[in-house]
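These notes concern the structure reproduced below.
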Amino acid sequence: MLEIENLHVAVGGKAILNGIGLRLNAGEIHAVMGPNGSGKSTLSYVLAGRDGYEVTEGDIRFEGESLLGLAPDARAAKGLFLALQYPIEIPGVTTMNFLRTTTNAVRKARGMAELDAPSFLRLVRERAKKLNVPDEMLKRALNVGFSGGEKKRAEILQMSLLEPKLAILDETDSGLDIDALKLVAEGVNAWMGPERAALVITHYQRLLKHIVPSHVHVLAGGRIVRSGGPELAEELERVGYDGVAA
């Protein structure tokens, strides 16, 4: 599904990623772990097409097609979704309106019929209930005054509505207590299936106890220095990044 080949990325002229190679198949969950400054968030941003991240060498292919040169909305239409570490606030735009607008925009780009108001309301309430997102929260401005858990639940709700093929979760566990973490993980696991895949970026093993990866990669100095199965995350907990990357 996703092939990253010899990926080099610079930001403001400074090299951040230095030859990332990764292949992610449908039905797989890959975790990328590493210390601060290793390039984890840069990897997520360049996959999503964020401005300011220059690919100086290599390629990113999604279902056989290069993503380089495609705008973020075009990538979303093809089935990519990025869950941000710090979801942004949008004052004046209700969560409900945001969700309906983004859902219908992606549906239209995929050649699907847009949902009318009653159909969308039924769908969003059905999905929201599973993530403990009440109607009152949907009426509030997007992420304004939300707790960390509320922001992440709203983001996973958006993911469930957009129905991407590949979800990139950039430190989704950041700022979550254990109950919110479990709820968000349940939402991700419910979305996951044999035709979908996830790239989970995290510092800690605690998230991977709830979203169990098939592969774990250690990123350091802009390179993948070690890959393995779920046991690699457990090793990191015991010996730290220095012990694994040495």
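Tabulated results
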read-out	value
Matching option when the condition is at pLDDT below 90, under 28 Å from GLY49 (Cα atoms) and β-branched (Val, Ile, Thr), among VAL212, VAL144, VAL184, VAL218	VAL184
Helices (runs of 4 or more DSSP H) contained in segment 128-207 and holding at least 1 residues more than 21 Å from LEU47 (Cβ to Cβ), touching a residue at least 60 places away in the same chain (Cβ under 8 Å) and under 18 Å from the mean Cα position of the chain (by Cα)	148-162, 178-191
Any chance SER160 is hydroxyl-bearing (Ser, Thr, Tyr), surrounded by 15 or more Cβ atoms within 10 Å (Cβ to Cβ) and in contact with a Lys or Arg (Cβ under 7 Å, 6 or more places away or on another chain)	yes
Filter result (outside any strand (DSSP E or B), under 21 Å from the mean Cα position of the chain (by Cα) and small (Gly, Ala, Ser)) within segment 208-246	SER214, GLY222, GLY229, ALA233
Test: residue in segment 88-102 that is within 28 Å of ARG61 (Cα to Cα) and either surrounded by 15 or more Cβ atoms within 10 Å (Cβ to Cβ) or over 21 Å from the mean Cα position of the chain (by Cα) (or both)	yes
Tally of residues being touching a Ser or Thr at 6+ places or on another chain (Cβ under 9 Å) and assigned to a helix (DSSP H, G or I) across segment 35-58	1
Hey, GLU63 farther than 23 Å from VAL188 by Cα, out of contact with any Ser or Thr (no Cβ under 8 Å at 6 or more places or on another chain) and of a type in the set (D, E, K, R) or not	no
Total residues in segment 146-201, condition within 21 Å of SER214 (Cα to Cα) and among the hydroxyl-bearing types (Ser, Thr, Tyr)	1
Residue in segment 8-19 that is outside any strand (DSSP E or B) and at pLDDT below 95 present	yes
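The values are calculated or read from the model by the stated rules, or taken from the named source; none is laboratory data. Quantities reported herein were computed from a predicted structural model and do not represent experimental measurements. When we count neighbours, we look across all protein chains shown, and the Cβ atoms used for this are built from the backbone with ideal geometry, even at glycine.
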